[in-house]
Amino acid sequence: MKQLTTSQIRQVFLDFFSKHQHQKLEGASIIPDNDPTLLYINSGMAPLKSYFLGEASPPEKKMCNVQPCIRTNDIEDVGDRHHLTFFEMMGSWSIGDYYKEGAIKLAYDLLVNHFEYDPQKLYATVYKGNAEAGIPADTESIEFWKSVGLPEDHIVSLGDDNFWGPAGQTGPCGPCTEVFFDTGDEYGPAYTPGGHFDDVNRYIEIWNAGVFMELNKMADGSFENLPLKSVDTGAGVERMYMALNNCDSLYDVDVVKPIYDLAKIKFGAEHITQKDLRMVTDHIRSSTFILSEGVKPDKDGRGYIVRRLIRKCITVAVRAKTPPIELIELSNEVIEQLKDFYPQLELQKKQILQLLEDEIVDFEPAIKNGLELLNDELANVTDKKLDANKVFILVTTHGVPFEIVKDYAMARSVSIDEKEYEKLYREHQKVSRQGTETNALVDLGLDSAHLEELTNGVAPTEFTGYDELNIEARVLAILQNGKKVEKTDSTNQCLVVTDKTTFYAEGGGQAADKGRIENDNFKGTVVDVKNHNHVYIHYLNIDEGFISQSDVVKLSVDKNNRESTAKNHSATHLLHSALRSVLGEHVSQKGSLVNSEKLRFDFQHNKPLSKDEIQSVENLVNQWIWQATGCNITEESYQKAIASGVTALFGEKYQEDVRVVRFADFSAELCAGTHVVNSGQIGLVKILTETSTARGIRRMEAITGSVAYEYLSKSDQIISAVQEIIRGDKEQLVENIFALKKSAKENKAKDSLTQTAWDVDEILEGTSGLKAIFGQIGLDKKELIDLGEKELKSRALDVAFMVSPAEDKLVVVVIVSDKNTDKMKANIILKNWIERFDGRGGGKANVAQGGINGKIDLALLKNSALEALG
């Protein structure tokens with residue numbers, strides 16, 4: 001066998017298939033494009049699914065590439081010799097061209113004549129069939145392997161392992177034939193025909209040499225024949241390296257070993273098991289790659305996967321008494337090892353490391369506390385069983401990964417009722433997911449499955465809204481009462497798809513247009529518009545009449561609403577540029593929301609803005625507005641636009657051709673939204689608030705145009721009214737108000753504890769069943785603590801979250817009842833509560849206190865308290 005580097009292995013593979021007339025493709029993003037069945041791309045064929053289904057035409061019938069993949073279904077096996085969550089998949093495909101015989105001939109040729117494997121060390125597995133599902137045994141592949149020279153006793157018939165797919169719950173699939181490498185007697189007994197085939201230790205899969213795509217799995221579990229018979233192959237680069245270079249495990253691969261070796265140094269081999277070292281190595285590789293795609297750690301979806309991976313690494317570091325911040329150096333090593341083949345890792349390095357550091361800083365205190373609680377719980381177990389409810393609280397409230405709880409329990413011969421835990425966790429997930437659908441969907445009693453039903457088989461919508469606000473179009477589909485219909489009934493709501501539209505659909509942070517759809521028989525108000533797989537769906541309140549499929553209707557966008565929204569959207573572009581000019585080039589957009597009433601802009605910055613900084617940003621934006629600069633919108637190639645310095649959003653996926661929005665030389669961004677023709681049309685920008693939404697993320701809210709004028713006019717009226725009451729010049733108002741406030745504070749009764757009425761007094765209940773009081777009242781810290789302790793006892797509650805406004809900040813206190821201090825710590829809860837607002841504080845297990853600069857919306861404070869409660 002040849003001993004090759006991973007770079008050489010990729011090249012041998014691609015060169016071989018290129019010489020056999022396979023078009024070389026670029027690897028796709030690991031973030032699926034319009035595929036709701038996958039969180040991450042988990043195979044080479046996943047981005048090409050539409051070709052296998054016959055829904056789109058491939059660029060060529062034969063193709064090949066190297067595709068980065070994330071696969072978490074084997075996550076429990078990570079740490080053994082040959083499982084990874086992130087890996088590189090070399091793939092080749094034939095769509096309607098050669099089939100089983102051609103695939104097997106190519107596989108044998110590449111392995112024996114180009115990678116120079118010893119044929120005596122190669123074994124092939126084939127599908128033995130499934131009579132219950134009506135799928136026959138793959139006897140053809142057996143004969144084709146024999147014909148190329150593979151010994152018959154090296155061909156093994158297996159069950160489900162040799163039926164591949166689909167990549168999600170539904171889609172293309174079929175029987176497959178896999179090639180295994182014999183790693184030798186030291187890893188177990190040799191295979192004998194009819195005996196057990198050890199595909200875990202001795203025989204290592206190096207290539208799925210042919211998934212024979214001939215079936216489409218339906219939602220009900222049945223199968224139908226695909227329009228074309230195709231071949232999908234996949235060979236892991238790391239597995240191929242392991243076999244070619246006679247390595248003991250995947251952690252000896254040239255692009256993996258430096259990370260593993262660095263982990264041994266950082267963690268200390270004597271403090272950590274080999275499996276944990278391997279797990280950290282694998283998970284930090286996966287996390288680094290995911291973060292490079294703009295995915296941020298979060299509590300669900302894609303963000304949950306990367307959060308889970310990172311937090312498992314942090315937990316191992318804490319157990320090994322190693323500062324988790326050392327994980328950043330491991331991530332940096334991942335970038336060094338892979339940046340030549342995946343240059344986005346180097347381009348996004350700063351973002352990757354910052355997101356990783358944020359998650360470490362956020363989770364380290366919680367997991368330390370959680371592990372202490374876990375040890376306490378295990379020490380108190382009397383019947384060798386750890387209660388499922390306690391496990392649930394450890395996982396959901398304190399963030400201890402379930403795998404760690406399980407490991408700790410097993411080490412002490414303590415069992416866990418996993419079924420009961422999973423039941424509790426599923427209920428928790430169900431509650432957490434409530435409210436994730438859009439308001440329009442909820443109002444109609446619908447979910448994303450209804451959108452699939454409505455848009456299935458419907459051609460993409462032609463959008464003409466950049467150039468016109470009124471058009472005629474033809475109705476293509478109607479959904480009412482959750483069903484696709486030919487004609488509406490008397491129900492007052494429906495969803496309508498037309499062949500073209502002038503309505504801008506919600507996207508890129510911009511709210512959808514509003515307006516009317518009508519004809520002689522029908523009048524309806526458009527309240528929302530969604531773009532689902534390039535099909536525009538209009539959410540209608542029916543005012544009168546009925547509408548039928550194929551009707552011609554008039555679509556009219558509300559001009560005033562569109563123009564007000566455009567002002568706010570253009571203002572966000574100018575605001576972004578002004579923030580970068582005032583604060584520095586590190587500022588980058590992290591989210592936005594623009595509608596006809598206001599704009600909201602989230603950006604990366606690690607501390608609150610001073611009043612002078614906010615004023616400087618506002619002044620600069622208005623200077624640009626008053627220059628009355630034209631808005632120049634062009635269509636350009638993505639590469640050309642980026643090379644010219646145009647701003648693109650980190651993590652966003654762009655097509656080859658992009659829309660560039662420019663205002664003179666002070667703003668240039670990729671954007672599909674609607675904008676003013678001239679910056680002067682914005683009129684005026686007034687910044688209302690600047691707050692924190694998460695660690696390192698700030699939020700500005702602002703208004704423009706007539707809304708800003710009305711706000712300033714009303715503010716002036718209020719100032720004039722105050723001036724009349726206080727009887728002083730406007731310039732002296734602030735001084736006079738402070739004097740009055742000081743006097744009132746000095747006269748405040750000392751028995752305010754019993755005399756002061758609550759401003760807010762609510763009972764919160766966490767998902768774990770804990771109950772807390774959330775209260776705001778005008779008291780000092782000592783009085784807050786006294787009142788909180790009193791309320792906990794009198795109401796038999798678990799936690800008190802107390803807030804009191806001060807001159808320019810909020811005083812905050814957390815109190816944990818005596819019965820709960822062994823399970824939770826007030827100082828940890830306080831940190832989790834106020835950290836997102838850049839609050840600071842500390843304390844003990846029963847009482848903690850701190851402060852938050854600025855004024856924070858009470859609803860945000862309450863929601864954050866509820867999250868901290870768990």
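The values are calculated or read from the model by the stated rules, or taken from the named source; none is laboratory data. Everything numeric here is computed off the predicted structure, so don't read it as measured data. Every residue, glycine as well, gets a Cβ built from its backbone with ideal geometry; the counts of neighbours run over all protein chains shown. Quick note on the areas: whole protein, heavy atoms, side chains included, nothing else; ligands and nucleic acids left out. Shrake-Rupley method; radii C 1.70, N 1.55, O 1.52, S 1.80 Å.
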Checklist entry - Does at least one position in the range 771-790 carry a residue that is among the aliphatic types (A, V, I, L, M) and without any contact (Cβ under 8 Å) to a residue 12 or more places away in the chain? => result no
Checklist outcome for this item: Flagged in the range 532-557 as out of contact with any helix residue (DSSP H, G or I) (no Cβ under 6 Å at 6 or more places or on another chain), in a strand (DSSP E or B) and touching a residue at least 60 places away in the same chain (Cβ under 8 Å), in numbering order, are Tyr536, Ile537, Ser548, Val552, Val553, Lys554, Leu555, Ser556, Val557
Item to check | Residue that is under 29 Å from His398 (Cβ atoms) and of a type in the set (S, T, N, Q), where the choices are Gln344, Gln351 | outcome: Gln351
Item to check | Matching entry among Ile834, Ile852, Ile856 (being in a strand (DSSP E or B) and more than 30 Å from Leu378 (Cβ to Cβ)) | outcome: Ile852
Next on the checklist: I need every pair where a residue in the range 1-12 that is open to solvent by 40 Å² or more (accessible area, probe 1.4 Å) has its Cβ under 6 Å from the Cβ of a residue that is charged (D, E, K, R), sequence separation at least 6 or different chains.
Outcome noted: Met1/Glu116; Lys2/Glu116; Thr5/Asp254
Checklist outcome for this item: Over the range 693-714, the set of residues open to solvent by 20 Å² or more (accessible area, probe 1.4 Å), of a type outside the set (Lys, Arg) and at pLDDT below 90 is Thr693, Ala694, Ile697
Checklist outcome for this item: Every listed condition ((1) in contact (Cβ under 8 Å) with a residue 40 or more places away in the chain; (2) surrounded by fewer than 21 Cβ atoms within 10 Å (Cβ to Cβ); (3) not in a loop (DSSP other than H, G, I, E, B)) holds for Val803 save (2)
Checklist entry - If we scan the range 293-309, do we find a residue that is modelled with pLDDT of 95 or more and part of a helix (DSSP H, G or I)? => result no
Next on the checklist: With the structure loaded, tell me whether Asp340 is assigned to a loop (DSSP other than H, G, I, E, B), closer than 30 Å to Gly27 by Cα and not β-branched (Val, Ile, Thr) or whether it fails that test.
Outcome noted: yes
Checklist entry - Restricting attention to the range 35-57, which residues are part of a loop (DSSP other than H, G, I, E, B) and either open to solvent by less than 20 Å² (accessible area, probe 1.4 Å) or modelled with pLDDT of 95 or more (or both)? => result Leu38, Tyr40, Ile41, Ser43, Gly44, Met45
Checklist entry - Mind checking whether some residue in the range 13-34 is part of a helix (DSSP H, G or I), crowded, with 17+ Cβ neighbours inside 10 Å, at pLDDT 85 or above and in contact with a helix residue (DSSP H, G or I) (Cβ under 6 Å, 6 or more places away or on another chain)? => result yes
Checklist outcome for this item: Considering the range 649-692, residues that are at pLDDT 95 or above and charged (D, E, K, R), and then whichever is nearest to the chain's Cα centre (by Cα), we arrive at Arg662
Checklist entry - When the range 347-362 is examined, which residues are found to be within 18 Å of the chain's Cα centre (by Cα) and at pLDDT 85 or above? => result Gln348, Gln351, Ile352, Leu353, Gln354, Leu355, Leu356, Glu357, Asp358, Glu359, Ile360
Item to check | Top-ranked residue of the range 626-668 - restricted to ones that are part of a strand (DSSP E or B) and of a type in the set (A, V, I, L, M, F, W, C), ranked as most open to solvent (accessible area, probe 1.4 Å) | outcome: Ile633
Next on the checklist: Cβ-Cβ distance below 7 Å, separation of 6 or more or different chains: which pairs start in the range 98-124 with a residue that is under 18 Å from Arg239 (Cβ atoms) and open to solvent by 40 Å² or more (accessible area, probe 1.4 Å) and end on one that is at pLDDT below 95 and part of a loop (DSSP other than H, G, I, E, B)?
Outcome noted: Glu116/Met1; Glu116/Lys2; Asp118/Met1
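Residues checked against (1) modelled with pLDDT of 70 or more; (2) open to solvent by 80 Å² or more (accessible area, probe 1.4 Å); (3) basic (Lys, Arg); (4) under 30 Å from Ala672 (Cα atoms):
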| residue | (1), (2), (3), (4) |
| --- | --- |
| Ser413 | yes, yes, no, no |
| Arg426 | yes, yes, yes, no |
| Asp443 | no, yes, no, yes |
| Leu446 | no, no, no, yes |
| Ala449 | no, no, no, yes |
| Gly457 | yes, yes, no, yes |
| Tyr466 | yes, yes, no, yes |
| Leu469 | yes, no, no, yes |
Checklist outcome for this item: Just one listed residue, out of Val156, Val211, is under 17 Å from Tyr99 (Cβ atoms) and either β-branched (Val, Ile, Thr) or open to solvent by less than 70 Å² (accessible area, probe 1.4 Å) (or both), and it is Val211
Checklist entry - Taking the condition buried (at least 18 other Cβ atoms within 10 Å of the Cβ), within 23 Å of Thr85 (Cβ to Cβ), touching a residue at least 60 places away in the same chain (Cβ under 8 Å) and β-branched (Val, Ile, Thr), does Val237 pass? => result yes
Checklist entry - Hey, which of the strands (runs of 3 or more DSSP E) in the range 80-187, taking only ones fully inside, have at least 2 residues that are within 30 Å of Tyr342 (Cβ to Cβ) and of a type in the set (A, V, I, L, M, F, W, C)? => result 86-95, 171-182
Checklist entry - Pick from Pro227, Pro193, Pro172, Pro136: which is loosely packed, with under 14 Cβ neighbours inside 10 Å and in contact with a helix residue (DSSP H, G or I) (Cβ under 8 Å, 6 or more places away or on another chain)? => result Pro193
Checklist outcome for this item: Exactly one of Ile328, Ile360, Ile367 is part of a helix (DSSP H, G or I) and touching a Gly at 6+ places or on another chain (Cβ under 9 Å), and that one is Ile367
Item to check | Selection count where residues are touching a Lys or Arg at 6+ places or on another chain (Cβ under 9 Å) and either hydrophobic (A, V, I, L, M, F, W, C) or crowded, with 18+ Cβ neighbours inside 10 Å (or both), scope the range 559-572 | outcome: 3
